[in-house]
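> First the structure, which I've put down as structure tokens, then a few questions once you've had a look.
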Amino acid sequence: GRFEQANGGTVFLDEIGERAPGLQAKLLRFLESGELQRVGSTETTTVKVRVIAATNRDIEEQIESRQFRMDLFYRLNTFTIHVPPLRERTEDIPLLIEHFLNHFVDEYGWVKPQITPAAMNALKGLYWPGNVRQLQNFINKLLLLRRDDVVDLDEIKTLLGIDLEVPETPF
């Protein structure tokens with residue numbers, strides 16, 4: 001249904017590396033023909049969509065272990081954009097925090113807090129193994145549990161449940 005809705009537009013397939021082999025085969029057939037059938041229907045519909053796919057998995061490793069279809073990989077791999085993990089682009093963290101603060105403030109009607117430079121440095125220095133999604137969820141948690149309109153280093157430490165050593169350099 002999503003491909004039909006997106007006819008003439010773009011479909012984003014997140015975490016393509018986690019798709020089951022049966023779904024990979026169906027996706028490949030669709031990408032090759034542009035044809036699909038609604039569940040329970042015998043009619044074939046042709047749609048045109050641009051497909052953007054993303055994964056955090058090593059697809060070449062998955063191909064070698066036969067967890068991902070090589071033919072699907074080559075069908076999808078027209079143009080590759082490598083986005084490094086958040087820990088390798090810490091300069092993006094303040095921008096993302098600002099974006100998520102604005103998003104949640106708008107969504108929930110909350111008052112936007114100020115984050116002290118020490119707190120921001122602490123957030124920039126974290127590993128963020130869950131990358132942007134982990135940071136987004138942390139900012140949501142921060143807004144839910146904050147004590148006042150200024151978020152300081154102590155509050156960050158409390159929310160994280162860890163002791164942080166933070167350099168004094170401002171962000």
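The values are calculated or read from the model by the stated rules, or taken from the named source; none is laboratory data. Everything numeric here is computed off the predicted structure, so don't read it as measured data. Cβ placement follows ideal geometry from the backbone for every residue including glycine, while neighbour counts extend to all protein chains displayed. Please note that ligands, DNA and RNA were not included when accessible areas were found on the heavy atoms of the full protein model with its side chains. Shrake-Rupley method; radii C 1.70, N 1.55, O 1.52, S 1.80 Å.
> Under 1.5 on a/c is rounded, so check that first for segment 17-108, then, if it is not, pick prolate when a/b is larger than b/c and oblate when it is not; a ≥ b ≥ c are the square roots of the alpha carbon gyration tensor eigenvalues.
Oblate, since a/c reaches 1.5 and b/c is not below a/b.
> Top to bottom by accessible area (1.4 Å), largest first, where do M70, M120 land?
Descending accessible area places them as M70, M120.
> Another question, then. For the chain, what is the accessible area per residue in Å², given a 1.4 Å probe and the full set of protein chains?
Result: 67 Å² of accessible area for each residue.
> Keeping to pairs on different chains or 8 or more places apart, tell me how many lysine pairs in the chain have Cα atoms under 27 Å apart.
7
> Something else: Taking 1 over the mean of 1/r across every pair of different Cα atoms in segment 81-124, what Kirkwood radius in Å do you get?
Answer for segment 81-124: a Kirkwood hydrodynamic radius of 11.7 Å.
> Using a Förster distance of 22 angstrom, determine the FRET efficiency expected from the C-beta separation of S41 and V11, and round it to 0.05.
Efficiency, from the Cβ-Cβ distance: 0.65.
> If you stretched the chain out fully between E91 and D58, how much longer would it get, using 0.36 nm times the residue separation minus the C-alpha to C-alpha distance?
9.4 nm
> As an exercise, use a Förster radius of 41 Å and the Cβ-Cβ distance of E98 and S33 to find the FRET efficiency, rounded to the nearest 0.05.
0.40
> Counting only the backbone N, which residues of segment 69-108 are under 11 Å from the spot 7 Å out from the Cα of Q114 toward its beta-carbon?
Once the point is set 7 Å along Cα→Cβ of Q114, nothing inside segment 69-108 turns out to lie under 11 Å by backbone N.
> Residue by residue through segment 88-95, what is 3J(HN,Hα) from phi via Karplus (6.51 cos²θ - 1.76 cosθ + 1.60, θ = phi - 60°)? Round to whole Hz and write x for glycine and proline.
So the J values, rounded to whole Hz, are 9, 9, 4, 5, 7, 4, x, 5.
> For D106 paired with L145, estimate the spin-label separation in nm (one decimal), with each label point 7 Å from Cα along the Cα-to-Cβ line.
Here the modelled spin labels are 2.7 nm apart.
> Probe radius 1.4 Å, ligands and nucleic acids left out: which of V49, V39 has the largest accessible area, and how do the rest follow?
V39, V49
> Hey, any idea what % of segment 1-145's accessible area is carbon plus sulfur with a 1.4 Å probe?
Looking at segment 1-145 in its full context, I get 50 percent from C and S.
> Just to make sure I understand: if all protein chains stay in place, what is the order of T45, T10, T158 by accessible area at 1.4 Å, largest first?
Heavy-atom accessible area, descending, gives T158, T10, T45.
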